[in-house]
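Below is one structure; the comments refer to it alone.
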Amino acid sequence: MANYFLDTSAVAKLYHKEAGSDYMDRILRESGSRSLISRLSIVEMESVIAIKLRTREIEPQHAETARRCLRADLSQERLLIGPPIQTYHYQAARDLLVRYGSDEGLRTLDALQLAIALDLRRTRLIAVMVAADQRLCRVASLAGCAAVNPERPGPVLV
């Protein structure tokens, strides 16, 4: 069993049925594993919900259900909030953007999430980053963090 760091793109699949949702449900049910998120993911989830409302992928009552389920998963510790974001995470994110922003298309918040995941991997709190973003999975792998995309859960990129 592995411990996981879940990017917001993967977390969203827990609260709206779409490609990769079944894989994410299996991760959360995996015996003996832990699933960590950053506090940033809680904020980003509001953006995900807003986009789904704006594009009419979900109705307002489903948005509130998603929020309630996320709060329940946090309070029941199905999802664990990782350590607070520190100044060195921002510097690491900047370094990742310098290294991978131009050639690989790494984006700002993805760089910050990856910086957190790399720190958690370095301290052995996680083994794998889960992101529903093939670009982020590729950059994570290049940066030294095993990654898997729940939409295409083939071999873990290492």
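Using a 1.4 angstrom probe, figure out how much accessible area the chain has per residue, in square angstrom, rounded to the nearest whole. Please list the in-between numbers first.
Values: 8450 Å² over 158 residues.
I get 53 Å² per residue for the chain.
So which helices of the chain fit the span-like rule, where a helix is a whole DSSP H run, its Cα atoms reach 20 Å or more along the axis, and its mean Kyte-Doolittle is at least 0.0?
Numbers: long enough: 39-54 (24 Å, 0.73); 60-75 (23 Å, -0.93); 87-104 (25 Å, -0.92); 108-122 (21 Å, 0.58).
Going by DSSP H runs, the hits are 39-54, 108-122.
Among [x] 21, 17, 15; [y] 29, 18, 13; [z] 24, 18, 15, which one is semi-axes √(5λ) of the Cα gyration tensor in Å computed from these coordinates?
Here semi-axes √(5λ) of the Cα gyration tensor in Å agrees with entry [z].
State whether the stretch 31-83 is rounded, prolate or oblate according to the following rule on the C-alpha gyration tensor (a ≥ b ≥ c being the square roots of its eigenvalues): a/c under 1.5 gives rounded; otherwise a/b larger than b/c gives prolate, and the remaining case gives oblate.
Verdict is prolate for the stretch 31-83.
Dipole size in debye (nearest 20) for the chain around its Cα centre, Lys and Arg Cβ +1, Asp and Glu Cβ -1?
That gives the chain a dipole magnitude of about 180 debye.
If the label point is 7 Å along Cα→Cβ of Ala2, which residues in the stretch 79-120 have backbone nitrogen under 16 Å from it?
Answer for this model: 114, 117-120.
How big is the charge dipole of the stretch 88-133 about its Cα centre, in debye rounded to the nearest 20, if each Lys and Arg gets +1 on its Cβ and each Asp and Glu gets -1 on its Cβ?
Using Cβ point charges on Lys, Arg, Asp and Glu, the stretch 88-133 gives about 220 debye.
Carbon-plus-sulfur fraction of the accessible area of the stretch 83-135, 1.4 Å probe, in percent?
Values: 1510 of 2970 Å².
Carbon-and-sulfur percentage of accessible area, whole number: 51.
Just add up the charged neighbours of Leu79: K/R +1, D/E -1, any other residue whose Cβ is under 15 Å from the Cβ of Leu79.
+3
For the ranges 50-57, 86-93, what's the packing order if you count other beta-carbon atoms within 10 Å of each residue, average per peptide, and put the highest first?
86-93, 50-57
Which shape class applies to the stretch 96-158: rounded if a/c is under 1.5, otherwise prolate when a/b exceeds b/c and oblate if not, where a ≥ b ≥ c are the square roots of the Cα gyration tensor eigenvalues?
oblate
For a quick check, take a GNM of the chain with Cα springs below 10 Å and name the residue from Arg78, Arg99, Arg26 with the largest mean-square fluctuation.
Fluctuation is largest for Arg26.
Place a +1 charge on the Cβ of each Lys and Arg in the stretch 66-113 and a -1 charge on the Cβ of each Asp and Glu, then give the dipole magnitude about the Cα centre in debye, rounded to the nearest 20. All intermediate terms of the calculation are to be shown ahead of the outcome.
On the way: 7 positive and 6 negative charges, 63 e Å.
In debye, rounded to 20, the stretch 66-113 gives about 300.
The values are calculated or read from the model by the stated rules, or taken from the named source; none is laboratory data. All values reported here derive from a predicted model rather than from experimental measurement. Please note: Cβ atoms are built from the backbone with ideal geometry, for glycine as well, and neighbour counts cover all protein chains shown. For the accessible areas, the whole protein counts, side chains as well, though only heavy atoms, and no ligand, DNA or RNA atoms are used. Shrake-Rupley method; radii C 1.70, N 1.55, O 1.52, S 1.80 Å.
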